[in-house]
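Worksheet: one structure, shown below.
Quick note: the coordinates plus some simple rules give every number you see, no bench work behind them. Remember, predicted model here, so these are calculated numbers, not experimental data. So basically every Cβ, Gly included, is an ideal-geometry build from the backbone, and we count neighbours across all protein chains shown.
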Amino acid sequence: MTGEEGGQEADSRGEGAVEDARLGKELDEALRLAGERLTRLQYLQADFDNYRKSLEREREQVIQLAGEALVRDLLPVLDDLDRALPSLSQEKNREGFELLTRKLHRTLENHGLKSIESHGKRFDPNFHEAIAKEESDEDDGTILEEYQKGYLLRSKVIRPSRVKIAEHTGECKEENHGKGKDNRD
């Protein structure tokens, strides 16, 4: 090997090392860029999944609201049927009418409708609407009479019970009650 050939070989090794370093940097840059793009793609996939789940929840809410509106519209019909039943005591169509009423009740119950129990219970503003008060020996706030039945649809009150509540009239324990004295200091 001559000196010239050795120099060319050293130059080509030097150029090869420079080329390897350049290719290594390009590879590192390409790997970094691929990692960034993979991360962005994963975020986009997660965003899309969240969007899809959000659309599904909204769709279910729309269906529930539509069902709630239908049940709410049927409540007056249910009330009319319940009120009409007692007046049919002598008629031969009473059995069919009772069957129809029970079937409507059962169908609505299968879709989540439940009546609110009221008579004799404590007044709860979350479930009851007090439209009258009456003096009574019962405790304050006891429901004496239900004027209109209230309903829950899947644990949501869609119509509160309209009720009459008791105002306790028992003896007052204060000595000066009713004697016209002012007890203020």
Practice problem: Evaluate E = 1/(1 + (r/R0)^6) for Leu100 and Ala66, where r is the Cβ-Cβ distance and R0 equals 22 Å; express this FRET efficiency to the nearest 0.05. | Solution: 0.35
Quiz item: Which distance in nm do the two modelled labels at His111 and Lys133 give, with both placed 7 Å along the Cα-to-Cβ direction?
Solution: 3.9 nm
Exercise. Calculate, in nm to one decimal, what His168 and Leu23 gain on full extension: separation in residues at 0.36 nm each, minus their alpha carbon distance.
Key: 42.9 nm
Practice problem: Give the calculated FRET efficiency between Asp82 and Arg52 to the nearest 0.05, with a Förster radius of 35 Å applied to their Cβ-Cβ distance. | Solution: 0.20
Quiz prompt | Percent RCO, i.e. relative contact order, over region 103-165, from Cα pairs under 8 Å lying at least 6 residues apart | solution = 40 percent
